[in-house]
């Protein structure tokens, strides 16, 4: 079926094709218009595009067009193949470019792009004509609903579906949005029995790894030795006072993922017990999951045996979805389309994961212009209210409980052999359960303190992950969030459920429980209520928390160094006048809140015992969940706030560093409060995670620091992973990378570019990127510098045919930008820390990395305290070397890769150069020579 059959519009019109060409628009193979004129075309009539939001925002930036002009171009009813792909192929991976979608469909991506767009549209429509297309009737219901919303693709879609099944009765169709009624229920056959304690031998691990790799695989002795060594963590525990901890550094290219997955899988299957594999980011979880396909090829078996686990806030909540769809389906045609596309994804999703899972994260930027509150802003699943909101779940009381993706993931996690988690989830649950210190409820029985075997990949991030998990924040946003959780929405038009709505019916016949509930709700008035931002800034606070935060803000604004950053901070001492009194009053109010929260939790727990013969399974689940949440928030959150105030007033603890801050966002104050961090956050890590486990592997390509005086010293590795706090020794092993870095890479330091002059800096990036002919990654230490360079690069690179993508600029999430960069040989990408630590681009798509400056740590109060505690300048130098190792490690990812690593900062002292592979020569030259060296090395044959 071809678009030439005029299915798109009723007046026999066809949409002209428009493809982004750098910062211009290609309207035909031989017709190209510049940005300003292109926007005029897009305002005047609908075009066939691919990801209209990305195209229009890019053109608007290049033309320096007013937002009103960009808005006009976006309001036109463009015919977007990205929307059609999301409708026809929900939950299927693709990058949102013509070539990316073509690859996903099996089309030739090298077809001329204007023709490729038509080929994509034809292919997608043709798929709907098959009688075997899945969920045909539901698809037709969705399409009929979108036809009423005037979706440009609706007519073509319905025509194709009627061809697939001429008997479809369109007149009886509903919206098809009620996906919560159509999902199969999960089944829980109870928890698994206790596992065995049989060890895995080194030879078993080697043999299984060889089986996974296949007979034709290249023999890598280091990978087999690594797999054999990791079996140390999979031996039975011999005594209660010690366990099996392995620190394993494995150089890039060794194949550590399969190296630790092999013994993990063997141990789990042999003992009928789970192994949890934890990594730093959600994108890395996806990469590990992809590697497990080599261990378990059958998709059905993989779903049962290998599970990805994330925090609840990552998964779609069916009850929230139902409430949001009620508003979205009638708000306007664009929000109706978004609802339909999300519904299509829900029906096809593997696990309902909207953040880093199979939800197309590039979909939401298409709808930034349809925010439901009338404000234009970047949409997210949380902003739309589609995911589980912190603490609002009503568990078994939810009408969709038996179909809930979150509950399904927890049940699967209890049965799985491998659970792929992230550091934040593992450490947060460990912190919560250690603080509460009571028996788990059924729905939380997969919490990390039950883990006996654990692998921490990206182990060099454990320090930062622990810092986040074990810190405390007595801020306006945190305290206001607790009030919302307790009292529910207090502003007209706000959605949500308070504590009374969640358990009111369960305590209505219990006078004691009802009294505690009312006491909790009354005490919550001490926390910030709606409108707190205005009142705190005006100096007219209401309640103890707002009074305290108003004076905190006063102290910060009076003492903090004014800078262009997003956070202002100052030391707590000495307190401004009145702040000590306000802190004491807030502590008293928090104690008055904590007490009835604990009493209500205990009363609910007692109800489980007293009414065991009467309570339904659903009610038991509700009571258990609310009791646990009350204890978690009362003991961990409110309790930590009380401790922070006590330390502030008269009991300072040398293990902690505390400060006041005012956070800013887009030029406005966003939060204010008191922060408390462990100076060494690996102390609680060792206590609540490492010591209770039977065996732990902590691994990374950059686990050790390499100071010039002791390049093989493990001291810093043990300090940053918590091993130093264990009362017994841990095993340590290091395997070098198999790559020939001397011949496959170059390291260049440019010594004549003024790093503070944005014109000079941008010119250096431009000429280096052109010298490499693309395939370049630019890393920055500040978002403002990235944006300044991007503005100066986008036009000249486009004129040379090099696509440029940028984190913090393009309306696409970082993971998708990396996917787009990876898929194109000659593209360029600009990014900050998230890109430096998480990008994995093997092959010729990445052949040049350029750093804008030496990656020093941010000069914060927290860093000042840690520098004092961990050796002064030695700590700072270690941080720089580890960041350089991570950045350089992005360059060579597999055998045959070649590339150059350039630092535009002459301050790269020799003491930092041990971050690079041994024997590497550092060339210190001017920019002209650096450009020649990059061009000659990259463009010359290996």
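The values are calculated or read from the model by the stated rules, or taken from the named source; none is laboratory data. Keep in mind that this is a model prediction, so the values were computed, not measured. Using ideal geometry, Cβ is built from the backbone for each residue, glycine included, and neighbour counts are taken over all protein chains shown.
Could we say that residue 550 is in contact with a helix residue (DSSP H, G or I) (Cβ under 8 Å, 6 or more places away or on another chain) and modelled with pLDDT of 95 or more here?
yes
What number of residues within segment 553-593 are closer than 28 Å to residue 635 by Cα, in a helix (DSSP H, G or I) and in contact with a helix residue (DSSP H, G or I) (Cβ under 7 Å, 6 or more places away or on another chain)?
Here the count works out to 14.
Evaluate the following for residue 409: is it closer than 22 Å to residue 484 by Cβ, crowded, with 19+ Cβ neighbours inside 10 Å and modelled with pLDDT of 70 or more?
no
Got a sec? Which of 632, 620, 647 is in a helix (DSSP H, G or I), over 25 Å from the mean Cα position of the chain (by Cα) and at pLDDT below 90?
Criteria check complete, one pass: 620.
Answer with yes or no whether residue 446 is surrounded by fewer than 17 Cβ atoms within 10 Å (Cβ to Cβ), over 30 Å from residue 519 (Cα atoms) and modelled with pLDDT under 95.
No: the conditions fail for residue 446.
Scan segment 889-899 and tell me whether some residue there is assigned to a helix (DSSP H, G or I), within 20 Å of residue 743 (Cβ to Cβ) and within 27 Å of the chain's Cα centre (by Cα).
yes
Could you tell me whether residue 788 is surrounded by fewer than 18 Cβ atoms within 10 Å (Cβ to Cβ), in the same structural domain as residue 893 (by TED's automatic domain parsing), within 30 Å of the chain's Cα centre (by Cα) and not in a loop (DSSP other than H, G, I, E, B)?
Yes: the conditions hold for residue 788.
Criterion first (in the same structural domain as residue 146 (by TED's automatic domain parsing), within 23 Å of residue 361 (Cβ to Cβ) and either crowded, with 16+ Cβ neighbours inside 10 Å or touching a helix residue (DSSP H, G or I) at 6+ places or on another chain (Cβ under 9 Å) (or both)) does residue 122 satisfy it?
no
Please state which one of 528, 489 is in contact (Cβ under 8 Å) with a residue 12 or more places away in the chain and either in a loop (DSSP other than H, G, I, E, B) or surrounded by fewer than 18 Cβ atoms within 10 Å (Cβ to Cβ) (or both).
After ruling out the rest, the residue left standing is 528.
Out of curiosity, is residue 907 within 30 Å of residue 680 (Cβ to Cβ) and in a loop (DSSP other than H, G, I, E, B)?
The answer is yes for residue 907.
Conditions tested, residue by residue: (1) in contact with a helix residue (DSSP H, G or I) (Cβ under 8 Å, 6 or more places away or on another chain); (2) part of a helix (DSSP H, G or I); (3) over 30 Å from residue 179 (Cα atoms).
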{"position": "14", "(1), (2), (3)": "yes, no, yes"}
{"position": "36", "(1), (2), (3)": "yes, yes, yes"}
{"position": "42", "(1), (2), (3)": "yes, yes, yes"}
{"position": "54", "(1), (2), (3)": "yes, yes, no"}
{"position": "74", "(1), (2), (3)": "yes, yes, no"}
{"position": "85", "(1), (2), (3)": "yes, yes, no"}
{"position": "90", "(1), (2), (3)": "yes, no, no"}
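Looking at segment 799-843 only, could you name the residues that are in contact (Cβ under 8 Å) with a residue 60 or more places away in the chain, in a helix (DSSP H, G or I) and either outside the structural domain of residue 888 (by TED's automatic domain parsing) or out of contact with any helix residue (DSSP H, G or I) (no Cβ under 8 Å at 6 or more places or on another chain) (or both)?
799, 816
Being touching a strand residue (DSSP E or B) at 6+ places or on another chain (Cβ under 8 Å) and at pLDDT 90 or above is true for just one of 752, 680, 740, 663. Which residue is that?
Just a single option satisfies the conditions, and that option is 663.
Against the definition (at pLDDT below 90, out of contact with any helix residue (DSSP H, G or I) (no Cβ under 7 Å at 6 or more places or on another chain) and surrounded by fewer than 17 Cβ atoms within 10 Å (Cβ to Cβ)), how does residue 464 come out, yes or no?
Here the answer is no, as residue 464 does not meet what is asked.
Restricting to segment 312-368, give me the number of residues that are in contact (Cβ under 8 Å) with a residue 40 or more places away in the chain, more than 23 Å from the chain's Cα centre (by Cα), surrounded by fewer than 19 Cβ atoms within 10 Å (Cβ to Cβ) and farther than 19 Å from residue 400 by Cβ.
Total satisfying the criteria: 2.
Kindly indicate which of 513, 523 is in a helix (DSSP H, G or I) and either at pLDDT 95 or above or within 21 Å of residue 669 (Cβ to Cβ) (or both).
Checking each option against the conditions leaves just 523.
Going by the conditions given, is residue 844 at pLDDT below 90 and either within 26 Å of residue 57 (Cβ to Cβ) or within 26 Å of the chain's Cα centre (by Cα) (or both)?
Criteria not met by residue 844.
Going residue by residue through segment 691-709, is there one that turns out to be modelled with pLDDT under 95 and part of a helix (DSSP H, G or I)?
So far as segment 691-709 goes, no, none of its residues is modelled with pLDDT under 95 and part of a helix (DSSP H, G or I).
Go through 129, 175, 159, 114 for me and flag whichever is in contact (Cβ under 8 Å) with a residue 24 or more places away in the chain, within 26 Å of residue 51 (Cα to Cα) and in contact with a strand residue (DSSP E or B) (Cβ under 6 Å, 6 or more places away or on another chain).
114 is the lone residue from the list that is in contact (Cβ under 8 Å) with a residue 24 or more places away in the chain, within 26 Å of residue 51 (Cα to Cα) and in contact with a strand residue (DSSP E or B) (Cβ under 6 Å, 6 or more places away or on another chain).
In segment 710-737, what residues are touching a strand residue (DSSP E or B) at 6+ places or on another chain (Cβ under 8 Å) and either within 25 Å of residue 855 (Cβ to Cβ) or outside any loop (DSSP other than H, G, I, E, B) (or both)?
712, 714, 717, 718, 721, 723, 731, 732, 733, 734, 735 - these are the residues of segment 710-737 that are touching a strand residue (DSSP E or B) at 6+ places or on another chain (Cβ under 8 Å) and either within 25 Å of residue 855 (Cβ to Cβ) or outside any loop (DSSP other than H, G, I, E, B) (or both).
Check 233, 215, 228 and return the single one that is free of Cβ contacts under 8 Å to residues at least 24 places away in the same chain and either surrounded by fewer than 17 Cβ atoms within 10 Å (Cβ to Cβ) or within 17 Å of residue 250 (Cβ to Cβ) (or both).
215
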